[in-house]
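These notes are about the structure you will find just below.
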Amino acid sequence: MAAAITNTTQLADAIKKLEERRDRQEVVLRESFHRVASEIQPRNIIRNAFRGITESTPVKSNLFKLAVDIGSSVLSRRYQGGNSGHLLQKALGAAIAFGSAYFLRKRRQKNN
């Protein structure tokens with residue numbers, strides 16, 4: 001407990017200490033407000049969410065595999081080319097499609 005204040009100098013000292021404490025708390029509160037305000041800006045929310053996703057190793061691995069799957073799918077469709085295109089181009093497209101399907105099947109079996 002605080003000591004009892006018996007004279008005006010002790011009262012003035014106590015008031016001064018309380019005002020200094022209030023000023024320190026005000027500075028801390030103001031800094032906290034600015035930090036929170038900057039964290040809830042839309043660009044920071046998106047950046048922090050993306051950083052959290054990309055720093056996670058399993059998620060990063062799955063994103064890489066997904067990108068490879070999409071890339072191989074795009075390549076195989078491009079090289080298969082429908083009626084137009086050369087025979088070699090169609091064969092390359094079929095090989096890419098077969099290879100990506102094979103690796104997808106293997107990965108799904110491994111995950112199950």
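Every read-out reported here was derived from the displayed coordinates using simple, explicitly stated rules and does not represent laboratory data. Just so we're clear, the structure is a prediction, and the values are computed from it rather than from any experiment. All Cβ positions, even for glycine, are placed from backbone atoms using ideal geometry, and neighbour counts span all protein chains on display.
List of remarks:
- Partner aspartates and glutamates for K106 [C-alpha distance under 16 Å; skip if fewer than 8 residues away on the same chain]: D69
- Taking other C-beta atoms within 10 angstrom as a stand-in for reagent exposure, S32, S100 fall in the order S32, S100, fewest first.
- Segment V68-I5, extension gain: residue separation times 0.36 nm, minus the distance between their alpha carbons: 15.1 nm
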